[in-house]
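Chemist: Handing you this structure, nothing more for now.
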Amino acid sequence: MTSSIRRTDTKELLKQLQNVELPTLGHFLENGFLPPEIRTMVPGVRMIGVATTARVPDADAVAINEALLRLQPGEVLVLDMAGDRLHAPVGSVTSAVARSRKCAGILVDGPVTDVTELASGTLPVFARGSTCLTTKRHASGHAEFGTSVRVAGVDVRPGDIVLGDDNGVLVLDPLLDPDIVRQAAESDQAEPDILKRIASGEPLEHILYLG
């Protein structure tokens, strides 16, 4: 019964988050934000989905392929590369496979390759940067799937909600208080009027929050 309630809550929360700006959530939350070194590789594309995780040491390309085959529609593939910031586990083929699995995006704690091809696509990909050095075609047997992982110092569990846009990435507990999302949505709705008042020349002390 508990898992059924959790799935229902997650589905509703995903729906509510669709139109909320991530920086607005930054006004109401402190934790779950990935540091700036994790950035979009596909500008202008927004990511929102449920985390499926893999911890992949040893530059293991076979484990990456296994993770791709486990993907379900609407999931964000979260790759913890066990501290390896040199080898790229994601490129044009990886992205194409993830897209064919109806993946919501990829988040990798490491670099990617084929950046021109990634940037010309529609699948959101977030990483530390780019490189020509890639994973290798071996199976070390040390990979873990569906476990809690760590990306740029932030814990990500299977089932967590992962959001990303041009500003950065945020990981949310699916049982987040919906009041926070409501407040963020209301703040977004109020912003156009605030910008209009600033442009009209209204005294700023009447507009800005001063405590």
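Chemist: Considering Gly164, Gly159, which residue is part of a loop (DSSP other than H, G, I, E, B), modelled with pLDDT of 95 or more, crowded, with 18+ Cβ neighbours inside 10 Å and touching a strand residue (DSSP E or B) at 6+ places or on another chain (Cβ under 7 Å)?
Modeler: Residue meeting the stated conditions: Gly159.
Chemist: Further question: Using beta carbons and a limit of 7 Å, which pairs, at least six apart or on different chains, have the first residue in the stretch 10-39 and surrounded by 13 or more Cβ atoms within 10 Å (Cβ to Cβ) and of a type in the set (Asp, Glu) and the second one in a helix (DSSP H, G or I) and at pLDDT 95 or above?
Modeler: Glu21/Asp188
Chemist: Another question, then. Checking Ala104 against (1) more than 19 Å from Asp165 (Cβ to Cβ); (2) out of contact with any Ser or Thr (no Cβ under 6 Å at 6 or more places or on another chain); (3) of a type in the set (Gly, Ala, Ser); (4) at pLDDT 95 or above, which test does it fail?
Modeler: All conditions are met except number (1).
Chemist: Specify which of the listed residues (Gly110, Gly141) is touching an Asp or Glu at 6+ places or on another chain (Cβ under 7 Å), under 23 Å from Arg85 (Cβ atoms) and free of Cβ contacts under 8 Å to residues at least 40 places away in the same chain.
Modeler: Gly110
Chemist: I'd like the full set of residues that are among the β-branched types (Val, Ile, Thr), buried (at least 16 other Cβ atoms within 10 Å of the Cβ) and more than 15 Å from Arg55 (Cα to Cα), limited to the stretch 86-96.
Modeler: Matches in the stretch 86-96: Thr94 only.
Chemist: Which condition from (1) surrounded by 15 or more Cβ atoms within 10 Å (Cβ to Cβ); (2) over 19 Å from Val156 (Cβ atoms); (3) within 14 Å of the chain's Cα centre (by Cα) is the one that Pro43 breaks?
Modeler: Failing condition for Pro43: (1).
Chemist: While we're looking at this one, here's another question. Give the residues of the stretch 20-45 that are β-branched (Val, Ile, Thr), within 25 Å of Ser92 (Cβ to Cβ) and touching a helix residue (DSSP H, G or I) at 6+ places or on another chain (Cβ under 6 Å), sorted by residue number.
Modeler: Scanning the stretch 20-45 gives a single hit, Val42.
Chemist: Of all residues in the stretch 97-109 being crowded, with 19+ Cβ neighbours inside 10 Å and either of a type in the set (Asp, Glu) or on the phi > 0 side of the Ramachandran plot (or both), which is farthest from the chain's Cα centre (by Cα)?
Modeler: Filtering the stretch 97-109 for residues that are crowded, with 19+ Cβ neighbours inside 10 Å and either of a type in the set (Asp, Glu) or on the phi > 0 side of the Ramachandran plot (or both), the one farthest from the chain's Cα centre (by Cα) comes out as Asp109.
Chemist: Return the residues of the stretch 157-167 that are under 13 Å from Ile106 (Cα atoms) and not acidic (Asp, Glu); say none if nothing qualifies.
Modeler: Ile161, Val162, Leu163, Gly164, listed by residue number.
Chemist: Please state which one of Ala54, Ala61 is surrounded by 22 or more Cβ atoms within 10 Å (Cβ to Cβ), over 26 Å from Ala184 (Cα atoms) and either at pLDDT 95 or above or hydrophobic (A, V, I, L, M, F, W, C) (or both).
Modeler: Ala54
Chemist: Tally time: how many residues in the stretch 120-145 are aliphatic (A, V, I, L, M) and buried (at least 17 other Cβ atoms within 10 Å of the Cβ)?
Modeler: Number of matching residues: 4.
Chemist: Kindly list the number of the only condition in (1) loosely packed, with under 12 Cβ neighbours inside 10 Å; (2) on the phi > 0 side of the Ramachandran plot that fails for Ala190.
Modeler: (2)
Chemist: Next question. Could you check the stretch 31-48 and list, in sequence order, the residues that are under 18 Å from Pro174 (Cβ atoms) and part of a loop (DSSP other than H, G, I, E, B)?
Modeler: Hits for the stretch 31-48 are Asn31, Gly32, Leu34.
Chemist: Residue under question is Thr53, and the condition is that it be in a strand (DSSP E or B) and of a type outside the set (A, V, I, L, M); does it hold?
Modeler: On the way: in a strand (DSSP E or B): yes; of a type outside the set (A, V, I, L, M): yes.
Answer is yes for this residue.
Chemist: How many residues does the stretch 22-64 contain that are aliphatic (A, V, I, L, M) and in contact with a Ser or Thr (Cβ under 9 Å, 6 or more places away or on another chain)?
Modeler: 12
The values are calculated or read from the model by the stated rules, or taken from the named source; none is laboratory data. From a predicted model like this one, the values you see are computed outputs, not experimental measurements. Counting neighbours? That spans all protein chains shown, and the Cβs are built from the backbone with ideal geometry, glycine included.
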